[in-house]
Structure formats: C-alpha cells, structure tokens
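K.L.:
My structure is below; once you've seen it, I'll send some questions.
Please treat every number below as a calculation from the coordinates, not as lab data. What you are looking at is a predicted structure, and each value in this text was computed from that prediction instead of being measured. We place every Cβ from the backbone using ideal geometry, glycine too, and count neighbours over all the protein chains shown.
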Amino acid sequence: MAERLAVVLLLFALAAGIQRGELRRMSARDKFGLAALMVPMAYLIVIFVLQADWPNWPDLLRLVFGPPSERIVGMLKGAV
Amino acid sequence: MNKETISAGQLAALIISTVVGSGIVYIPNPLTAIARQHAWMSMIAAYLFGWAVLCCLVYMHRHMRGEASFFSHIRKMVGRPLAAAAALILICLLLFAVPAIVAGIANFFTSVMMKETPAYVFSSTSLIVCALTVRAGLEVMARMFVLLAGIMLAVSLAVLLLATPGYHLEYLLPLAPQSVKPLLHAFLVAAGFPFGEVLLFCVLLPYVNAAKPGSLVRKLFGSFAIAGAMMTVSVLCTILAFGPAAGSFQYSLYRLASEIQIAEIIQRIESVIGITMILGSYMKATVYLYILNILVAECLGLSDKRLSVFPLMLICIFLSLTMFDNPADFYTQVYVIWPFMVVAVGCSLILALTLATWVKYRNAEKEGGA
C-alpha cells in the first residue's frame, strides 16, 4: 500500500509542479471545474491504493451495455 | 488564445495513427479466433462501415466551417441540453478508450518483456508522455505524428514482407465460409474497434484548415483506405503465417516478427515491432486524450484548455490500473462491450447528429428560397 501511495504522491507532485503557474492564475469557474474532476479522481485513487473491490467506471458500463452486447455476441455464436 | 489549426494532410496522418495504432496489435488475434481464415472478409466489411461513418463526418464538416468547436456546432443543431448529452456520450466513450489503450501497453510489457515490473510504471509513463504531448498542442502533435505514422507503417509493412517465406496460401482455404455468423461477429468487433472509432474525429474537424474542401475529402478517405488496407493485410498475413493457430497468439504481429530469420543476418526483430506497437498505442492514446480534453474543458467552461490535461491524465492512469481484473475481463470489455458501445451508441449518435444537420440546413435552404 505504501508503494502505491508513493506512486500517487509522485504523480500529483509532477502534475502540480508542471501546472504551478496555471494553477495560480485560475478563475473561480476554473477552480470549480477542476474540483469537479477531483471527485472521481479521489475515488479512483482510493480504489487503487486500497486495492478495493468497489464499483468502478467499467462496472457501470458493463451494467448498461453488458447484457445487450453479450446477447448479440451470444446470438452470433449460436448459443442463444 | 488563437484556435489551433492543422492541415487536411495532418488530419489524415492522425487518422492513420489512430486506426492502425493499437488495432494492428490487438485485432488480428480475436478476429482470427472468431472467423478463422475468413477474418479478412469481416475486416473489409468493417472498413466499409467505418467509411460510412466518415461520410457522416464529412457531411457535418461542410456545415461546420467557421464554428469554434464541434460542441458549438451541435449546440446550434440540437440545442444546449442535447448537445451537452452528446458531448457526455463522447466523454464516456473516451474515458473507456484512453485507459484501455494504456492498459494494453502495460499488458504487453508485463506479459511479453518485463514480467516483474508493476503495471503502474508503464501506465504512468505512457500517459505522462501523452499528456505532455497534448499540452504541446494539436499543431505540434500533428506535425510529429506525420513522421511517426510513416515510421509505424513502414516498419509494419517491412515485417509483413520479410515474413513472406513463412506464408502458406493453403491456410486461406476453403474460401467460402460454412456459416455467416462468425463473419458477422468478427465484423461487429472490427466495426467497433478500430474502424467505428473514427467517429471521435468529429471533435477535431473544426480544427482543420482546408482551403479546398475536395482536398480534405480526398485526404480523409485516402488515409482511411490506407489504414483499412494495412489492417486487412496484417490480418491476412497472420492467417497466411499461422493458419488455424492464428487465433491463439495474443500479439500475432509480434509473434510473426519473431519467426523472421533471413540468412542469419535478419533475425529476432520482434523488438522493432514491439517499439512500433508502443508507438501506435502512444499516438492513439494521445489523440484520444486530446479529444477528451477538448470536450471536458468545453463542458466545464474552463478558460484554458490545458488546465484539465493533467487531471484527466491522472483519472486515466488510475482507471487503467483498476478497470481490468484479469485478461478474460480485458477480452470481454474490449472485444464484446466496447465494439457494441462504439457501433450502437457512438455511431448512432453521429448518424443522429448528421440527420439533425441535414434537416436544419434543408429547412434553412427552403426558407431562404421562399
């Protein structure tokens, strides 16, 4: 876990270091936009660091598109 | 800040890099596993499907001139709420595509070359390079990819040609398939990945500076034909080299390169094709990350598009590290769910937007005439 946490910190330090100037000049709307992106990112970081088996983005896609796509593939394979 | 523009030729190079990009690595294996020696027929049919999608894009581009972005064009066509929904669908597609491409790079390294190295090393470094390229801008990216796409095509073609002594024409027989179902299944896979993915280029069309519209159409279809030919030839060569076993080699082009041995001078050139594969995936991930960034920055109303590049890079890195549980999961998501998403959702969206554009301009012309 410490190793994965170090990876996260390293990546954040890199991103913040390169964007340092831009982050200082951000307007209120920009800050709101970036905060909106931080929410899913924080969730993914927790999943990555803890190796948690929590619902993820592909699980949602699988929930929505999984049944129809598998039905079509099943039909084409001759199983349905 | 001035809007970046690229030439029609540069857009053509971007199309070749994305269609051939990671497809040349991943497509021959599932297609030959599904349709065996007839996979090349499905490939041609899928190319024609992609061609139809490209026709829709070209039609929309005619009515998009002078628009600041694709988002502003569709906002005029269908209104703000529906335009936001369309952008959201494209964002959803890209939030799967970019991490999946990067996870593919990591899978390739960890399964073939560097088995003990953690996947995050490859995912992080790949996406950092992609993000830095995106931040450099579309013009820089396009200029660089013209050269890299040329190298990728030349090396891939050289490998396919050098492997000629190992080809067996009889592996293509019988030519007529016993059932059409495997062909349709392989068609669905290839129509979604990589040919249908050309729909994502709708976002880049307003950035093309084409003085002569005919030149853009010629270059777009020309590049798409080159990409289609390259993909079909690689599938065909895989079948000719491995026959019924082609479906069991995960990275068939890499495997094909390892078989090449000419007079003890040219041998073990799979590392060269390995580099080409990484190059292709890098170009594709970069173009898609650029498109994703444009859409997200516009939806959030950011003052500077570059602000969202690194947050999106971090999201994609962590998605790529958490989205696939095992190789079977990768197969299901990339070859079953993803093609369906592209064909049923993405391409239907493009068709709907093309129809909306047609109706809008038809009515405008009628009113103008009356």
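K.L.:
Which aspartates and glutamates have a Cα less than 19 Å from the Cα of B:Lys181, not counting those fewer than 8 places away in the same chain?
P.N.:
Answer for B:Lys181, where 19 Å is the Cα cut-off: A:Glu70, listed by chain and number.
K.L.:
Another one. What FRET efficiency would be calculated for the residue pair B:Val58, B:Leu132, taking the C-beta separation as r and a Förster radius of 30 Å, to the nearest 0.05?
P.N.:
Efficiency computed from Cβ-Cβ geometry: 0.40.
K.L.:
Turning to a different aspect of this structure: Can you find, among B:Ala344, B:Ile6, B:Val20, the residue farthest towards the positive end of the dipole of chain B? Put +1 on the C-beta of Lys and Arg, -1 on that of Asp and Glu.
P.N.:
It is B:Ile6, whose Cα lies furthest towards the positive end.
K.L.:
Sticking with this one: Other chains near A:62-69: what is the mean number of their Cβ atoms within 10 Å of each residue's Cβ?
P.N.:
Shielding by partners across A:62-69 averages 5.
K.L.:
Do the sum for chain B: with -39,500 (n - 2.57) for every DSSP H run of n ≥ 4, divided by all residues, what is the mean residue ellipticity at 222 nm, to the nearest 500 deg cm²/dmol?
P.N.:
-22500 deg cm²/dmol
K.L.:
What are the semi-axes of the equivalent ellipsoid for chain B, taken as the square roots of 5 times the Cα gyration tensor eigenvalues, largest first, in whole Å?
P.N.:
34, 24, 19
K.L.:
Ignore the peptide's own chain and count Cβ atoms of other chains within 10 Å of each Cβ in A:9-21; give me the average, rounded.
P.N.:
Average per residue, whole number: 3.
K.L.:
On to the next question. Compute the signed sum of charges (Lys and Arg +1, Asp and Glu -1) over the other residues within less than 11 Å, Cβ to Cβ, of B:Ser22.
P.N.:
0
K.L.:
Return one quarter of the surface area of the convex hull spanned by the alpha-carbon atoms of chain A, equal to its mean projected area, in nm².
P.N.:
Mean orientational projected area (chain A, Cα hull): 8.3 nm².
K.L.:
Which of B:Phe109, B:Leu295, B:Leu319 sits farthest toward the positive end of the charge dipole of the protein assembly as shown, with +1 on the Cβ of Lys and Arg and -1 on the Cβ of Asp and Glu?
P.N.:
B:Leu295
K.L.:
So, in Å, what gap is there between the alpha-carbon centers of the range B:274-312 and the range B:113-128?
P.N.:
If you average the Cα positions of each part, the centres end up 19 Å apart.
K.L.:
Something else about it: What FRET efficiency do you get for A:Arg4 and B:Ile266 if R0 is 60 Å and r is their Cβ-Cβ distance, rounded to the nearest 0.05?
P.N.:
On the way: r = 42 Å, r/R0 = 0.71.
Result of the calculation: an efficiency of 0.90.
K.L.:
I need the calculated FRET efficiency for the pair B:Met113 and A:Asp59, taking r as the beta carbon distance and R₀ as 25 Å, to the nearest 0.05.
P.N.:
Step by step, r from the Cβ atoms, then E = 0.25.
K.L.:
Could you name the aspartates and glutamates whose alpha carbon sits less than 19 Å from that of B:Lys76, not counting residues in the same chain fewer than 8 places away?
P.N.:
B:Glu67, B:Glu298, B:Glu365, B:Glu367
K.L.:
Using the Cβ atoms and a cut-off under 15 Å, what net charge is assigned to the surroundings of B:Ile278, where Lys and Arg are +1 and Asp and Glu are -1?
P.N.:
0
K.L.:
Let me ask something additional. Quick one: of A:Lys31/B:Lys284; A:Lys31/B:Lys3; A:Lys77/B:Lys284, which pairs are farther than 25 Å apart, Cα to Cα?
P.N.:
Working: A:Lys31/B:Lys284 29 Å; A:Lys31/B:Lys3 23 Å; A:Lys77/B:Lys284 30 Å.
Over 25 Å Cα-Cα: A:Lys31/B:Lys284; A:Lys77/B:Lys284.
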